[in-house]
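Q: So that we are looking at the same thing, I have put the structure below in structure tokens.
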Amino acid sequence: MAQLTGYYRWTDIWFNWREQPFFLWYTLPSNLEVDRSEAVSAVNPGDGPKVKSMLAHDALVDVEHPLHPGVAEVELFIGILLNGESRLLFSSKQVDYLRLHAMQITTTRVPLPYSNCLLLSSELKAISPVYFKTGAELRNAIKVIWKNNKRLKGLDARPATSLTACHDVFECVRGLYSQKNASWVAIDFEEWEHDRTVITELGVCAIHWEGSREVSEDAHYMISVRDYRNGTYVADNRTNYNFGDSEIIPRNGFLKVITDTFERLSAYGPLFLVFHDATGDLKTLEHIGVPTRSLSPLLPDRVPVAGMFVVDTSALFTTLVGDASFKRHKLERVCHLLRIPKVTHLHNAGNDAHFTLEALKSMVSGAPADVQRGERWPEHIDRGGGF
């Protein structure tokens, strides 16, 4: 028999699993010939609190917890349901391991969680790991997920959809940006077209605030101009940086540049890392050794004291144009539609980072997405959408 694997909702495990023996009894088929009194008497009520003690917020992050012995953080998962709502999850592997460990401290056998709460990969739009070092971080993440899901449902109780989920993120980013007490850092990489593991350029464009004054900076780093040139499949604009001088660094120098940049800019508040289609750049960050575990996939509803968060301008633009097909537009197309001037020499990492941040500022400095859409492209609204 094939073994099903998937994910369990944190809420199901925390609130229901310890009562599992009673729950299972009451949901048994009515025609099953089982002695009720015998089944109930086999349950030790004292075992429930023992199981739950392993799942408490502070216990889960403890360095001696069986899920991560010797490691000062716990890995859980954020899953996006098909309706756009988020859930904090355990993997089925984690739950099975907890079950086996719990049997060492309980007097009765710990059952598997009931099958209805197992989420298969086909029931999730996306799944990503998330890491917590303290019980407070875990509790706060649960609150943020609950608030985001509540907003998705809308005041008029409309069903949550993927587009309303994206709309919620757009408005969240607008609110965070307007507080002007964080650093927003656009990052872009260029790779050698014949081997994507060879990084040839890094672009960084950042803004932060000192009092009411906005401070911006641009930088472009590249390996020697003689090495690993593009031009066959990808435009070669390595030497066409528009915003100052490029700095030549060794191939192994990208990690130090990024870690130094993050450390310096974190003095001005949390970091919001801005990408245009984040997937590839996040993989590159991980490839060169940047600890991406510290990046949160959940946006806070207000600017925290510290932390690192991911913002994707391609997703924000999809929301802005109201495209339910979620077509992702290239950076050049986005800048053109946003009427950002002098967009030249893209596929230079420094230029791409600069225009990515310009696109972000153009979108989130304005009115709500629905209002902007009508103001920017009234003909788009008249003909029912479609770019």
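The values are calculated or read from the model by the stated rules, or taken from the named source; none is laboratory data. Just so it is clear, the structure is predicted and the values come from calculations on it, not from any experiment. Here Cβ is always computed from backbone atoms with ideal geometry, including for glycine, and neighbour counts include all displayed protein chains. Ligands, DNA and RNA are stripped out before the accessible areas are found, and what is left, the full protein with its side chains, is counted by its heavy atoms. Shrake-Rupley method; radii C 1.70, N 1.55, O 1.52, S 1.80 Å.
Q: For residues that are over 24 Å from G253 (Cα atoms) and open to solvent by less than 80 Å² (accessible area, probe 1.4 Å), scanning just the stretch 210-232, find the one that is modelled with the highest pLDDT.
A: That would be V215.
Q: Looking only at the stretch 268-302, which residues are open to solvent by less than 40 Å² (accessible area, probe 1.4 Å) and of a type in the set (F, W, Y)?
A: F272, F275
Q: Of the conditions (1) of a type in the set (A, V, I, L, M); (2) open to solvent by 10 Å² or more (accessible area, probe 1.4 Å); (3) part of a helix (DSSP H, G or I), V71 clears all except one; give me its number.
A: Looking at each condition in turn, V71 falls short on (3).
Q: Considering only residues of the stretch 139-163 that are open to solvent by 40 Å² or more (accessible area, probe 1.4 Å) and of a type in the set (S, T, N, Q), which is modelled with the lowest pLDDT?
A: Let us first name the residues in the stretch 139-163 that are open to solvent by 40 Å² or more (accessible area, probe 1.4 Å), namely 139-140, 142-143, 146-147, 150-151, 153, 155-159, 161, 163.
Keeping just the survivors that are of a type in the set (S, T, N, Q) gives 140, 161.
Working: N140: 83, T161: 49.
This residue is T161.
Q: Within the set of pairs 6+ apart or on separate chains, which have a first residue in the stretch 101-116 that is of a type in the set (V, I, T), a second that is open to solvent by 60 Å² or more (accessible area, probe 1.4 Å), and C-beta atoms under 7 Å apart?
A: These pairs meet every condition: I105/K50; T106/K50; T108/A42; V110/M103.
Q: Go through (1) modelled with pLDDT under 80; (2) out of contact with any Asp or Glu (no Cβ under 7 Å at 6 or more places or on another chain); (3) open to solvent by 20 Å² or more (accessible area, probe 1.4 Å) one by one and return the number of the condition L82 breaks.
A: All conditions pass for L82, except number (2).
Q: I'm trying to understand the selection: among the residues of the stretch 171-204, which are of a type in the set (G, A, S) and surrounded by fewer than 16 Cβ atoms within 10 Å (Cβ to Cβ)? Talk me through it step by step, then tell me what you get.
A: Going residue by residue through the stretch 171-204, those that are of a type in the set (G, A, S) are 175, 178, 182-183, 186, 203.
Selection gives G175, S178.
Q: Just to confirm my filter: which helices (runs of 4 or more DSSP H) fall fully inside the stretch 274-387 and include at least 2 residues that are among the aliphatic types (A, V, I, L, M)? Break it down into steps so the answer makes sense when it comes.
A: On the way: elements: 278-288, 313-321, 331-337, 349-364, 369-376, 378-382.
Of the helices (runs of 4 or more DSSP H) lying wholly inside the stretch 274-387, those with at least 2 residues that are among the aliphatic types (A, V, I, L, M) span 278-288, 313-321, 331-337, 349-364, 369-376.
Q: Of all residues being more than 29 Å from Y268 (Cβ to Cβ) and among the aliphatic types (A, V, I, L, M) in the stretch 308-346, which is surrounded by the fewest Cβ atoms within 10 Å (Cβ to Cβ)? Just the residue, please.
A: Ranking the candidates gives A324 first.
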